[in-house]
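Trainee: What follows is a structure written as structure tokens; I'll ask about it next.
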Amino acid sequence: MKKLITLCVFTLALLFSSQGLNAQSKIEINGAASEKAKELRSVIKFNNTQLEQVYQAYKVYETTYQTINNDLEANKKLYDKINVDLDNRLKEIFNEEQYDTYIAIYRNENQNP
């Protein structure tokens, strides 16, 4: 009976610790997306609606990036794909002038991981 209770307690401890890790990961993703959206807004002037859309685009980007961050060399194709997806999403959000500014500043200086 003692072993069964110990097993249950151990299982619950693992369950709660894994939920904490997921929450921490979400906080990091949301924080990074918010920071990047605000940074982009300081360089490229856009409205609050666009800010929310840029935040959501970076949130999707960061979610995938966090999973491949440890080994970018092995995940080069996926890294390139998420960059292209981000660029395409931002192209939908921005007007032509804003998008050209984004490409000139961020893609030219951030070509390599």
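The values are calculated or read from the model by the stated rules, or taken from the named source; none is laboratory data. Keep in mind that what you see is a predicted model, and the values were worked out from it rather than measured. Backbone-built Cβ (ideal geometry, glycine too); neighbour counts: all protein chains shown. Calculation scope for accessible area: heavy atoms of the full protein, side chains included, ligands and nucleic acids excluded. Shrake-Rupley method; radii C 1.70, N 1.55, O 1.52, S 1.80 Å.
Trainee: Tell me, yes or no, whether the range 82-94 has at least one residue that is more than 21 Å from GLU28 (Cα to Cα), surrounded by fewer than 17 Cβ atoms within 10 Å (Cβ to Cβ) and among the aliphatic types (A, V, I, L, M).
Mentor: yes
Trainee: Taking into account only those residues within the range 43-64 that are under 14 Å from the mean Cα position of the chain (by Cα) and open to solvent by less than 50 Å² (accessible area, probe 1.4 Å), which is farthest from ASP100 (Cα to Cα)?
Mentor: THR64
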